[in-house]
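Okay, so here's the structure we're looking at.
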Amino acid sequence: MKKIAIFLMLCMCGCASNKKGYRTESSVEQRLMTMNKDEILIDLGPPHKIVKINEHQESWRYESEVGGLTGGECTLSILLNGEKVSQAKLSTNDLSWVSFPLASCSRIIQTLR
């Protein structure tokens, strides 16, 4: 009986969604493309790494690791052209088949409006 309960709980975890409703990398990237530099700083805080490309462009990188049942790594790269986002790329590496979509990016997504 315990094995069945554990199995059902794992299945429910696999069907769960993150709180913000983002289910794909592209949905997060599209949201970021509508934001400006200040909004990103308010939502995500300072990036883990900043590379100044030229006088007007910067590349920001956010990284997150999640342990436990879902596990995985998440990297968010944002290219800023002045105050505007000109490119955003979210890369996920969920380690478990029971993780909900973008589980390894949950720490980043939770703060995104």
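The values are calculated or read from the model by the stated rules, or taken from the named source; none is laboratory data. The model shown is predicted, which means the values in this text are computed figures rather than measured ones. With ideal geometry, Cβ positions are generated from the backbone for all residues, glycine too; neighbour counts draw on all protein chains shown.
Values computed for the structure shown
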| read-out | value |
| --- | --- |
| Enumerated helices (runs of 4 or more DSSP H) restricted to segment 1-89, each holding at least 1 residues that are surrounded by 14 or more Cβ atoms within 10 Å (Cβ to Cβ) and at pLDDT 95 or above | 25-33, 37-44 |
| Filter result (within 16 Å of Thr92 (Cα to Cα) and either touching a residue at least 40 places away in the same chain (Cβ under 8 Å) or not acidic (Asp, Glu) (or both)) within segment 33-67 | Arg61, Tyr62, Ser64, Val66, Gly67 |
